[in-house]
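Written out below as structure tokens is the structure these notes cover.
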Amino acid sequence: MTEPTIFKRIIDGEIPASIVYEDDRCLAFHDVAPQAPVHILVIPRKEIASVDDLTPEDEGLIGHLFLVIQQIAREQGLAEKGYRVICNCGEGAGQTVFHLHYHLMGGRDLQWPPG
Ligand code: AMP
């Protein structure tokens, strides 16, 4: 059996996280190593390893995650100046936790392109 990811363990309440939002489909919490004044991770409760593992049945879930991101960004005061939503897919793109997640980052000027 494969080890549960750290995010699955957060979903299951086995390890703590600084949760800012949760509902029956997703969870959002502060990144433990923030790269911006606001750096929040939004994850589905469903175990999906990456974008590359999505199926058509996940279509509604992904839309929901983006509306949650929009809501959190507004609550965090990011909407006016702008924010970035990042999803690393695969090791070569920097993905380290293989449970789908979106990084919501803002609160400082963000450079483009990212490294
Ligand atoms: P990625 O590199 O896109 O897979 O992003 C994984 C993110 O998870 C990194 O930004 C980590 O800092 C963050 N992270 C890892 N463990 C935890 C944790 N226990 N609580 C919150 N964030 C975490």
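Key figures for this structure:
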{"item": "Residues being among the aliphatic types (A, V, I, L, M) and within 16 Å of the ligand (Cβ to nearest atom) - total across region 77-89", "result": "2"}
{"item": "From the options F66, F98, residue that is at pLDDT 95 or above and part of a loop (DSSP other than H, G, I, E, B)", "result": "F98"}
{"item": "Per-region count, region 89-115, residues open to solvent by less than 50 Å² (accessible area, probe 1.4 Å) and in contact (Cβ under 8 Å) with a residue 24 or more places away in the chain", "result": "12"}
{"item": "Filtered residue count, region 77-88, keeping only those that are open to solvent by less than 60 Å² (accessible area, probe 1.4 Å) and either among the basic types (K, R) or touching a residue at least 60 places away in the same chain (Cβ under 8 Å) (or both)", "result": "1"}
{"item": "Some residue of region 51-71 being of a type in the set (D, E, K, R) and touching a Lys or Arg at 6+ places or on another chain (Cβ under 7 Å)", "result": "no"}
{"item": "Where F7 falls short, out of the listed (1) touching a Phe, Trp or Tyr at 6+ places or on another chain (Cβ under 8 Å); (2) within 14 Å of the ligand (Cβ to nearest atom); (3) open to solvent by less than 30 Å² (accessible area, probe 1.4 Å)", "result": "(1)"}
{"item": "Pick from region 23-39, criterion assigned to a strand (DSSP E or B) and more than 8 Å from the ligand (Cβ to nearest atom), ranking: farthest from L100 (Cα to Cα)", "result": "V38"}
{"item": "Test: residue in region 40-50 that is of a type in the set (A, V, I, L, M, F, W, C), more than 16 Å from the ligand (Cβ to nearest atom) and either within 29 Å of T2 (Cα to Cα) or not in a loop (DSSP other than H, G, I, E, B) (or both)", "result": "no"}
{"item": "Any chance R74 is under 20 Å from T5 (Cα atoms), away from the ligand (no atom under 13 Å from the Cβ), among the basic types (K, R) and surrounded by 11 or more Cβ atoms within 10 Å (Cβ to Cβ)", "result": "no"}
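The values are calculated or read from the model by the stated rules, or taken from the named source; none is laboratory data. Only a predicted model underlies this, so the values are computations on that prediction, with no experimental measurement involved. Cβ atoms come from the backbone with ideal geometry, glycine included; neighbour counts cover every protein chain shown. Areas reflect the complete protein model, heavy atoms only, side chains present, ligands, DNA and RNA absent. Shrake-Rupley method; radii C 1.70, N 1.55, O 1.52, S 1.80 Å.
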